[in-house]
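Trainee: Pasting a structure below so you can have a look.
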Amino acid sequence: NTFLGYNNKSVEKLNFDFYISFNTSENGPQQNVLYDRDSTGTIHGEQFENSYRFKSEEYVSGIKFFWKPLKKLTVNFGTAYAIKDNHFNLFKINERKSTSNGYWLPNINIRFQDFDLSWSKDLESPATSRTQTVIDTLNPLMTRLPSFFYENILRQNARFSFNKYAQKYQVGIHINVNYKDKSEGYKSWREVSNGHYTIQSFQAGSTSNQSLYLYGRYNFKSGNDWVFYISQNSSLYTY
């Protein structure tokens, strides 16, 4: 990861950051499969070797403003533009693919006294953990079908929080919402006659999760080294 930024504080109550970055990552699992299925000698299972390489290059330029119009009000907002290049190389089947896509990634955060509200959009590389480049029948009870060439994932997050701390009481409310436009699915089916499984991964649709957390405490009476209080906390999570 390479990052270069410039911070400007010349405008009263309105600072801004300008930045550019270059991020790259590469992973390339290589398999060498040797097996002895029937105790007749070791065989090189080249046709079962799930070997590939995935490389990602991301070029990002962005600007972020820090605005403080009032004493207890702070607004941070900005946007970035990312160009993401992905390169797939599937060795065993001699398949190559390169993609290049651009994305706007805005964000905003508002803080006022005890309130905090934010929203942002971000980018993830394709999920490659279940990449399968060849049909794998090495296990006589299971066949794994190919699955590759996943796409980038756009992620959005919205968050709201309220925290109030006083001598007699404390109150907290936290709401968090996450959304992804793509996910990784997994399917399997079984032959009833012989119990043989066939499985395959695939790129599926969007997912979202939401969480809510509530906290409250009230202090009835306290001394120098003791306190009598009642408190509660509740949480809710959906996916």
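The values are calculated or read from the model by the stated rules, or taken from the named source; none is laboratory data. If you're wondering where the values come from, they're calculated on a predicted model, not measured in any experiment. Note: ideal-geometry Cβ built from the backbone for every residue, glycine included; neighbour counts use all protein chains shown. The accessibility values were calculated without ligands, DNA or RNA, using every heavy atom of the protein model including side chains. Shrake-Rupley method; radii C 1.70, N 1.55, O 1.52, S 1.80 Å.
Trainee: In the range 91-113, what residues are in contact with a His (Cβ under 9 Å, 6 or more places away or on another chain) and without any contact (Cβ under 8 Å) to a residue 40 or more places away in the chain? Before the answer, list the steps.
Mentor: If we filter the range 91-113 for residues that are in contact with a His (Cβ under 9 Å, 6 or more places away or on another chain), which is where we start, we get 96-99.
Matches in the range 91-113: R96, S98.
Trainee: Could you list all residues from the range 122-134 that are surrounded by fewer than 15 Cβ atoms within 10 Å (Cβ to Cβ) and assigned to a loop (DSSP other than H, G, I, E, B)?
Mentor: The one that is surrounded by fewer than 15 Cβ atoms within 10 Å (Cβ to Cβ) and assigned to a loop (DSSP other than H, G, I, E, B): S129.
Trainee: Within the range 185-202, how many residues turn out to be open to solvent by 60 Å² or more (accessible area, probe 1.4 Å) and part of a strand (DSSP E or B)? Quick ask: steps written out before the conclusion?
Mentor: Pass one, the range 185-202, residues open to solvent by 60 Å² or more (accessible area, probe 1.4 Å): 186-194, 197, 202.
Keeping just the survivors that are part of a strand (DSSP E or B) gives 186-190, 197, 202.
Residues flagged as open to solvent by 60 Å² or more (accessible area, probe 1.4 Å) and part of a strand (DSSP E or B) within the range 185-202 amount to 7.
Trainee: Being under 19 Å from K84 (Cβ atoms) and not β-branched (V, I, T) narrows it down to one of N27, N15, N32, so name that one. Break it down into steps so the answer makes sense when it comes.
Mentor: Numbers: N15 fails: under 19 Å from K84 (Cβ atoms); N32 fails: under 19 Å from K84 (Cβ atoms).
Of the residues listed, the single one that is under 19 Å from K84 (Cβ atoms) and not β-branched (V, I, T) is N27.
For every residue, the table says whether it meets (1) touching a Pro at 6+ places or on another chain (Cβ under 7 Å); (2) of a type outside the set (F, W, Y); (3) closer than 15 Å to N152 by Cα.
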site: K64; (1), (2), (3): no, yes, no
site: A82; (1), (2), (3): no, yes, yes
site: F91; (1), (2), (3): no, no, no
site: R96; (1), (2), (3): no, yes, no
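Trainee: In this structure, does E12 turn out to be open to solvent by 50 Å² or more (accessible area, probe 1.4 Å), under 30 Å from F162 (Cα atoms) and either assigned to a loop (DSSP other than H, G, I, E, B) or in contact (Cβ under 8 Å) with a residue 12 or more places away in the chain (or both)?
Mentor: Details: open to solvent by 50 Å² or more (accessible area, probe 1.4 Å): yes; under 30 Å from F162 (Cα atoms): yes; either assigned to a loop (DSSP other than H, G, I, E, B) or in contact (Cβ under 8 Å) with a residue 12 or more places away in the chain (or both): yes.
Yes; evaluated as a whole, the condition is true for this residue.
Trainee: Yes or no: the range 146-153 includes at least one residue that is at positive phi and in a loop (DSSP other than H, G, I, E, B).
Mentor: Within the range 146-153, one or more residues are at positive phi and in a loop (DSSP other than H, G, I, E, B).
Trainee: Here's something else I'd like to know. I want to confirm something. Restricting to the range 43-75 and keeping residues that are touching a Phe, Trp or Tyr at 6+ places or on another chain (Cβ under 9 Å) and of a type in the set (S, T, N, Q), which single residue is surrounded by the most Cβ atoms within 10 Å (Cβ to Cβ)? Step through it out loud before you land on a result.
Mentor: Let us first name the residues in the range 43-75 that are touching a Phe, Trp or Tyr at 6+ places or on another chain (Cβ under 9 Å), namely 43-45, 48-49, 51-55, 57-67, 70, 72-75.
Subsequent filtering for residues that are of a type in the set (S, T, N, Q) retains 51, 61, 74.
Values: S51: 18, S61: 14, T74: 15.
Checking each candidate, the answer is S51.
Trainee: Would you mind telling me which numbered condition in (1) surrounded by 15 or more Cβ atoms within 10 Å (Cβ to Cβ); (2) without any contact (Cβ under 8 Å) to a residue 40 or more places away in the chain; (3) not in a loop (DSSP other than H, G, I, E, B) Q31 fails?
Mentor: Unmet for Q31, out of (1) surrounded by 15 or more Cβ atoms within 10 Å (Cβ to Cβ); (2) without any contact (Cβ under 8 Å) to a residue 40 or more places away in the chain; (3) not in a loop (DSSP other than H, G, I, E, B): (3).
Trainee: If the requirement is being in a strand (DSSP E or B) and either more than 30 Å from E49 (Cα to Cα) or out of contact with any His (no Cβ under 7 Å at 6 or more places or on another chain) (or both), which of these qualifies: N139, N163? Break it down into steps so the answer makes sense when it comes.
Mentor: Working: N139 fails: in a strand (DSSP E or B).
Only one candidate qualifies: N163.
Trainee: All but one of (1) open to solvent by 70 Å² or more (accessible area, probe 1.4 Å); (2) assigned to a strand (DSSP E or B); (3) basic (K, R); (4) touching a Phe, Trp or Tyr at 6+ places or on another chain (Cβ under 9 Å) hold for K92; which doesn't?
Mentor: Of everything listed in (1) open to solvent by 70 Å² or more (accessible area, probe 1.4 Å); (2) assigned to a strand (DSSP E or B); (3) basic (K, R); (4) touching a Phe, Trp or Tyr at 6+ places or on another chain (Cβ under 9 Å), K92 misses just condition (2).
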